[in-house]
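Chemist: Could you have a look at this structure, given as structure tokens, before my questions?
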Amino acid sequence: HFINVFFFFVLATSGNQTHNLGVAHTMLALCKVSLWDSDEPVPRAELLKGVAGAHGLLCLLSDKIDTEVLDAAGPNLKVISTLSVGFDHMAMDEIKKRGVRVGYTPDVLTDATAELTVALLLATARRLPEGVVEVINGGWSTWKPLWLCGYGLSGSTVGVIGLGRIGMAIARRLKPFGVKKLLYSGRTAKSNAAEVEGEYVPLDTLVSESDFVVVSCALTPDTQGLCNKDFFCKMKNTAVFINTSRGAVVNQEDLYQALSSGQIACAGLDVTTPEPLPTDHPLLTLKNCVVLPHIGSATYSTRGIMAELSANNLLAGLQGTDMPSELKF
Ligand code: NDP
Ligand code: DGY
């Protein structure tokens, strides 16, 4: 019997080709696969059509998995596997109600995302994009004592909002830069925080005492809009704000005000609302705002491993066996 799978990611084009092809062949042997054969996201209408009657669904974070998709899939649906660790694009209550299992990709993208966060932090604080532009457009006249000065990590206080897998990996990477104090906030204190001499503090303390505020929490109803006017008003005027979690954790109008009024020094964002950020968005007019196109996990090898893991999650879900990474919710 064929199991129908609607599958929108081209495994064979990702980094770990031999492995991925193996998984893809297994999939093809076991299932009837409807493949969206493009690196571009599947159009909504195609998704709704393709998912009808499917037993499994492999999706991306850009696919909103809501009641409409679940209804379109119908009662056959047993498993959804997302090529991401974040699952805020999925209507979890509705999925749970229908008894559908969910696979995701924690851990395998932690290093790549933490590395990108450090790169973004340094690029923002030391004004690298501005410097590159000045070299190209002839703004580099000579060496000047205060030209393109920024902020360094040595002796600083860093605050991490959400010391989870990625938050911890960021903290581990930042400590050797000479960070004096590492604060973190979240719902619970973390037993592994001692490794980075992390101090669990209330959010207000973190925001007002940190020279660098790094957001690496999940997007939930509690964290939606967490970084708002009140939040930015508590930050130091010299502080650097970095977000590599989800755009909706930040109120972007309030961030724009904070950056343009000098309430905070600068911001680096790998995630925005919406994505892509429209090219005429006010944040893109600011020299002190560095925006990247959601590339936290974008290394060839990481994406290959994510692809393989999400395919194996899907297969396990279809076969009713243990998934390599099942989301328990
Ligand atoms: P984890 O689940 O390990 O960490 C999430 C953290 O969020 C936990 O420490 C949790 O703290 C914290 N958190 C939850 N609720 C709150 C709250 N109300 N206030 C403060 N912190 C809170 O996930 P990962 O570290 O693996 O991933 C984190 C997020 O990073 C993902 O959900 C995704 O959105 C984003 N991401 C972005 C990428 C990119 O490309 N930019 C790449 C990969 C992930 P506690 O345990 O105390 O509840
Ligand atoms: C995730 O996995 O949640 C990221 O945003 C992309 O890798």
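Read-outs throughout are calculated quantities, based only on the coordinates presented, and are distinct from any laboratory measurement. The model shown is predicted, which means the values in this text are computed figures rather than measured ones. Cβ atoms come from the backbone with ideal geometry, glycine included; neighbour counts cover every protein chain shown.
Chemist: Show me the chymotrypsin sites (Phe, Trp or Tyr not before Pro) within the range 56-150 that DSSP assigns to loop and that have at most 10 other Cβ atoms within 10 Å of their Cβ.
Modeler: Details: sites: Phe87, Tyr104, Trp140, Trp143, Trp147; in loops: Phe87, Tyr104, Trp140, Trp143, Trp147.
Qualifying residues, ordered by number: Trp143.
Chemist: Could I ask something else about it? Could you tell me what a quarter of the Cα convex hull surface of the range 183-277 works out to, in nm² with one decimal place?
Modeler: Working: hull surface 24.0 nm².
Average of the hull's projected areas for the range 183-277 equals 6.0 nm².
Chemist: Another question, then. Considering only the other residues whose Cβ falls under 11 Å of the Cβ of Leu269, what net charge follows from Lys and Arg at +1 and Asp and Glu at -1? List each step's numbers first, then the result.
Modeler: Numbers: positive: Arg246; negative: Asp270, Glu275.
Every neighbour counted, the sum reads -1.
Chemist: What residue among Ser216, Ser310, Ser38 has the largest mean-square fluctuation in a Gaussian network model of the chain, using Cα springs under 10 Å?
Modeler: Ser38
Chemist: Considering the options Val102, Pro43, Ile170, tell which one lies farthest towards the positive end of the dipole of the chain, charges being +1 on Lys and Arg and -1 on Asp and Glu at the Cβ, about the Cα centre.
Modeler: Ile170
Chemist: Kindly write out, for the range 264-271 in residue order, the coupling ³J(HN,Hα) from the Karplus curve 6.51 cos²θ - 1.76 cosθ + 1.60 (θ = phi - 60°), rounded to whole Hz, with x marking Gly and Pro.
Modeler: 10, 6, 6, 9, x, 10, 9, 9
Chemist: Another one. Nearest 10 degrees is fine. How inclined is helix 110-125 to the longest principal axis of the chain, computing both from alpha carbons?
Modeler: So the inclination is approximately 30 degrees.
Chemist: What is the percent of Cα-Cα separations in the range 217-329 that go past 17 Å? It would help to have the intermediate numbers written out before the result.
Modeler: On the way: 3958 of 6328 pairs.
Tail of P(r) above 17 Å: 63 percent of Cα pairs.
Chemist: With θ set to phi - 60°, apply the Karplus curve 6.51 cos²θ - 1.76 cosθ + 1.60 along the range 176-182 and write out the HN-Hα couplings as whole Hz, x wherever there is a Gly or Pro.
Modeler: x, 7, x, 4, 7, 9, 10
Chemist: Taking only Cα atoms and a 10 Å spring cutoff, compute GNM fluctuations for the chain and point out the largest among Gly138, Gly167, Gly152.
Modeler: Most flexible of the set in this elastic network: Gly138.
Chemist: Check the straight Cα-Cα distances from Lys49 and name the lysines below 24 Å, setting aside those fewer than 8 residues away within the same chain.
Modeler: Lys32, Lys64, Lys78, Lys96, Lys97
Chemist: Now, a different point. In the neighborhood of Lys78, defined by Cβ-to-Cβ distances under 13 Å, what is the net charge if each Lys or Arg adds +1 and each Asp or Glu adds -1? Could the numbers behind the result be given before it?
Modeler: Numbers: positive: Arg98, Arg101; negative: Glu326.
It works out to a net charge of +1.
Chemist: Another question, if that's okay. With a 10 Å cut-off between alpha carbons and a GNM built on the chain, which of Lys236, Lys97, Lys32 moves the most?
Modeler: Highest fluctuation among the options: Lys97.
Chemist: Here's something else I'd like to know. Once the dipole of the range 233-283 is set up with Lys and Arg at +1 and Asp and Glu at -1 on Cβ about the Cα centre, which of Gly268, Gln257, Ala239 lies farthest towards its positive end?
Modeler: Farthest towards the positive end: Ala239.
Chemist: Can you give me the long-range amide H partners of Gly103? Hydrogens built in the peptide plane at 1.01 Å from N, cutoff under 5 Å, separation of 5 or more residues or another chain.
Modeler: Under 5 Å from the amide H of Gly103: Ile80, Ser81, Thr82, Leu327.
Chemist: Turning to a different aspect of this structure: Which of Arg246, Arg187, Arg303 has the fewest other C-beta atoms within 10 Å, and how do the rest follow up to the most? Numbers along the way, then the final one.
Modeler: Working: Arg246 24, Arg187 9, Arg303 21.
Neighbour counts put them in this order, fewest first: Arg187, Arg303, Arg246.
Chemist: Helix 17-30 against the longest principal axis of the chain: what's the angle in degrees, Cα atoms only, rounded to the nearest 10?
Modeler: 30 degrees
Chemist: I've got another one for you. Under the classification rounded if a/c is under 1.5, otherwise prolate if a/b is larger than b/c and oblate if not, where does the range 23-99 fall, given a ≥ b ≥ c as square roots of the Cα gyration tensor eigenvalues? Intermediate results must be reported in sequence, preceding the final value.
Modeler: Details: a/c = 1.43, a/b = 1.25, b/c = 1.15.
Verdict is rounded for the range 23-99.
Chemist: Still on this structure: Place +1 on the Cβ of every Lys and Arg and -1 on the Cβ of every Asp and Glu in the chain, take the dipole about the Cα centre, and give the residue among Ala91, Leu309, Gly53 whose Cα lies farthest towards its positive end.
Modeler: Farthest towards the positive end: Leu309.
Chemist: Give me the net charge of Tyr184's neighbourhood, meaning all other residues with Cβ under 14 Å from the Cβ of Tyr184; Lys, Arg count +1, Asp, Glu -1.
Modeler: Numbers: positive: Arg165, Arg172, Lys175, Lys181, Arg187, Lys190; negative: Glu195, Glu197, Glu199, Asp204, Glu209.
Once positives and negatives cancel, what remains is +1.
Chemist: Using Cα pairs closer than 8 Å and at least 6 residues apart in sequence, work out the relative contact order for the chain, in percent. Walk me through the numbers before you get to the answer.
Modeler: Numbers: 640 pairs, mean separation 65.8, N = 329.
Relative contact order here is 20 percent.
Chemist: List, in order, the whole-Hz ³J(HN,Hα) value for each residue of the range 155-169 obtained from phi through the Karplus relation with A = 6.51, B = -1.76, C = 1.60 and θ = phi - 60°; use x for Gly and Pro.
Modeler: For the range 155-169, the Karplus-derived couplings read x, 8, 10, 10, x, 10, 8, x, 8, x, 4, 6, x, 5, 5 Hz, x marking Gly and Pro.
Chemist: Another question, if that's okay. Summing -39500 (n - 2.57) over the DSSP H runs of n ≥ 4 in the chain and dividing by its residue number, what mean residue ellipticity at 222 nm do you reach, to the nearest 500 deg cm²/dmol? Can you show the working numbers first?
Modeler: On the way: 11 runs with 112 residues, N = 329.
After summing the helix terms and dividing by residue count, I get -10000 deg cm²/dmol.
Chemist: Provide, in order from the shortest bin, the percent of all Cα-Cα pairs of the chain in each 10 Å bin, continuing until the bin that contains the maximum pair distance.
Modeler: Histogram of Cα-Cα distances, whole percents per bin: 6, 24, 29, 22, 14, 4, 1, 0.
Chemist: Using just the alpha carbons, could you tell me how many Å³ per residue the convex hull of the range 97-222 encloses? Walk me through the numbers before you get to the answer.
Modeler: Numbers: hull volume 20.8 nm³, N = 126.
Residue-normalised Cα hull volume stands at 165 Å³.
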